[in-house]
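Scroll down for the structure; my scribbles are underneath it.
The values are calculated or read from the model by the stated rules, or taken from the named source; none is laboratory data. Because the structure is a prediction, the values reported are computed rather than measured. Here Cβ is always computed from backbone atoms with ideal geometry, including for glycine, and neighbour counts include all displayed protein chains. Heavy atoms of the whole protein, side chains included, go into the accessibility calculation; ligands, DNA and RNA do not. Shrake-Rupley method; radii C 1.70, N 1.55, O 1.52, S 1.80 Å.
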Amino acid sequence: MSIAIPCRQLFIDGKWREPVKKKRIPVINPSTEQIIGDIPAATAEDVDVAVDAARGALARNKGRDWASASGAHRAKYLRAIAAKITLRKSELAKLEAIDCGKPLDETTWDIDNVAGCFEYYADLAEGLDAKQKAPVSLPMETFKCHVLKEPIGVVGLITPWNYPLLMATWKVAPALAAGCAAILKPSDLASVYVLIFLNICFV
């Protein structure tokens, strides 16, 4: 299977950025043990930059752009991501196969599941709107209580090598559906997929 590994930097605050220490990690195809490219090596300094950017994104426009936007608003983005993934399924499946060593049939199934997962959390995001300010039953009518669901803020997500894109989706999709900002740290052994995934979804 022949496919080019695009050269990418770190994706922070909607832009590709070179790592602070300008270091990179070789990408090895497990089936051939050949070096087929490289990925940026993030350090603690890059994490600090990413966290500051994520906090700024959540506070932008007093949170109305994402954190305090309606679930229906966030659902539109999640469904758009699902559609883009479906369109690029073949490319993503091939990249994941050479990145983590899984058979192409399995990675193709994984990519279908990834798109379905974003659709699933889009539905849940919409469902959050109906649950906002839901009344809570209290024993005394003198008091009134309502539930307000709010995002927790910036979340750090770490994923393993064996189901790279699918496990990233299991974490990224619910975080975005809830209105959080996410910082994703994939495995050093399988990171190509996430750089392509980010390029597809957010660029």
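Brief remarks on what is shown
- Identity of the residue in region 1-16, open to solvent by 70 Å² or more (accessible area, probe 1.4 Å) and aliphatic (A, V, I, L, M), that ends up farthest from VAL194 (Cα to Cα): MET1
- Check on PRO19, under 19 Å from CYS201 (Cβ atoms), surrounded by 16 or more Cβ atoms within 10 Å (Cβ to Cβ) and either of a type outside the set (A, V, I, L, M) or in contact (Cβ under 8 Å) with a residue 60 or more places away in the chain (or both): no
- Meets criteria (in a loop (DSSP other than H, G, I, E, B), more than 17 Å from ASP99 (Cα to Cα) and more than 16 Å from the chain's Cα centre (by Cα)) for LYS22: yes
- Any hit, region 130-146, residues being surrounded by fewer than 23 Cβ atoms within 10 Å (Cβ to Cβ) and part of a helix (DSSP H, G or I): yes
- Of residues in region 42-70 being in contact with a Leu (Cβ under 9 Å, 6 or more places away or on another chain) and among the aliphatic types (A, V, I, L, M), the one nearest to ASP13 (Cα to Cα): ALA50
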